[in-house]
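Accompanying notes for the structure given below.
The values are calculated or read from the model by the stated rules, or taken from the named source; none is laboratory data. Just so you know, these numbers come straight off a predicted model, no measurement behind them. Reconstructed Cβ throughout: ideal geometry from the backbone, glycine too, with neighbour counts over all protein chains shown.
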Amino acid sequence: MAADAHPHPDQNGRGTPAAPPRAATGIAGLDVALDGGLPRGHVYVIEGQAGTGKTTLALHFLLAGRDNHEPCLLLTTLETRDDLTAAAHSHGWSLAGIEVLELSLTDPLAQPVQRQTLFRPSQVELDETMQVVLAALERVHPARVVLDSMSTLRSMVDEPFVYRQYMSSLMHALVARDCTAIITDEFLAPQDLHLRTLAHGVVHLRREVTSFGNERRQVEIAKMRAMPFQSGRHDLVIETGGIRVFPRFVAAPRDTASTDELQPTGVEALDAMLGGGLDRGTTTLFVGAAGTGKSSVAMQCAAAALQRGQSAAVYLFDERPSTWFRRAEGLGFPLRQQVAHGNLFVEQIDPAEMSPGQ
């Protein structure tokens, strides 16, 4: 048998490099943008201003690991265990099964001035903190680790080179133990990018207030080494139950297997004008002044689909669902029953309170 008859262990049956195993973030839309999740065994930075959802995203990541029966470790430098438990409870979550370690860090500015100059008090405390972290890694043997947040550790070091050394040592320790780790951090000035350069990937969270007065949240995958991902900004919402991410729209590949099937509109004369109906798999725009029947024709298209045993979805921007159903009944279409049977989905949309991606 030839020497290359068997693929390399890192290759699939076709002899091409196999995709690395992924750790799901627990957020379906974000995993889609990440092409399946975070490659295991690396360290990732989740950065953003206060209130952008960094801790919530990190909790999603740990809960997904716990539900997959993976040992999980949460290292917190700012919030207490009670604070994190309350935050999780607000989303209906429990942190049971996740090891939580509070890193008690004192503010170096609040310490009395020391006369000795061989070691700075903050550097001594950071050394002790690193030893506590390493001991926890040895004790728990976690598959997933979250350090929330790095900003406190950074404030303890005056010299950038020393801080980079500590961060490099921490990341090497995590990778050596085959941990998939998330480090949360504030979005800082460009000159303080040690974490971003050392990490395998960087995810940036954004929050802004729009001109309408509501807020818009987005997530941007700023960096991922050696893996495909959906670039650009993806809309994000935080609600009871956690984070939802809506990957931005991209042009879909052309469907070469599509058929020339026609879908009747339910209006015989209109179907005759269209040569039998609307082409399946296409989009049709009804244009006209107010009162010309655009909504009525669209309603008949939905009713015709339901009569053929198909399902239909209707999104209302101007009318309330109750008004829409009442008008449908006036035209002879009892559509409320179809909703009860699960064949028809009707939802009212408030465009001022919903992001484009959502």
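Given the structure, is V162 in contact with a Lys or Arg (Cβ under 9 Å, 6 or more places away or on another chain) and aliphatic (A, V, I, L, M)?
Taking the combined requirement at face value, the residue does not satisfy it.
Of a type in the set (K, R), at pLDDT below 95 and under 20 Å from M150 (Cα atoms): does that describe R81?
yes
Name the one entry in G277, G332, G309, G291 that is surrounded by 15 or more Cβ atoms within 10 Å (Cβ to Cβ), at positive phi and more than 35 Å from the chain's Cα centre (by Cα).
G277
Go through the residues of the stretch 280-303 one by one and say whether even a single one is without any contact (Cβ under 8 Å) to a residue 60 or more places away in the chain, over 30 Å from L236 (Cβ atoms), touching a Lys or Arg at 6+ places or on another chain (Cβ under 6 Å) and assigned to a loop (DSSP other than H, G, I, E, B).
Yes, because at least one residue in the stretch 280-303 is without any contact (Cβ under 8 Å) to a residue 60 or more places away in the chain, over 30 Å from L236 (Cβ atoms), touching a Lys or Arg at 6+ places or on another chain (Cβ under 6 Å) and assigned to a loop (DSSP other than H, G, I, E, B).
Just to check your reading of the model, which residue among L285, L262, L278, L236 is of a type in the set (A, V, I, L, M, F, W, C) and touching a Cys at 6+ places or on another chain (Cβ under 8 Å)?
On inspection, the qualifying residue turns out to be L278.
Kindly list the number of the only condition in (1) over 27 Å from the mean Cα position of the chain (by Cα); (2) touching a residue at least 40 places away in the same chain (Cβ under 8 Å); (3) closer than 23 Å to Q49 by Cα that fails for L126.
(3)
Kindly indicate the residue of the stretch 75-106 that is of a type in the set (D, E, K, R) and out of contact with any helix residue (DSSP H, G or I) (no Cβ under 8 Å at 6 or more places or on another chain) and also nearest to V133 (Cα to Cα) among those meeting that condition.
R81
Would you confirm whether any residue within the stretch 209-218 is touching a helix residue (DSSP H, G or I) at 6+ places or on another chain (Cβ under 8 Å), in the same structural domain as L147 (by TED's automatic domain parsing) and under 24 Å from E70 (Cβ atoms)?
No.
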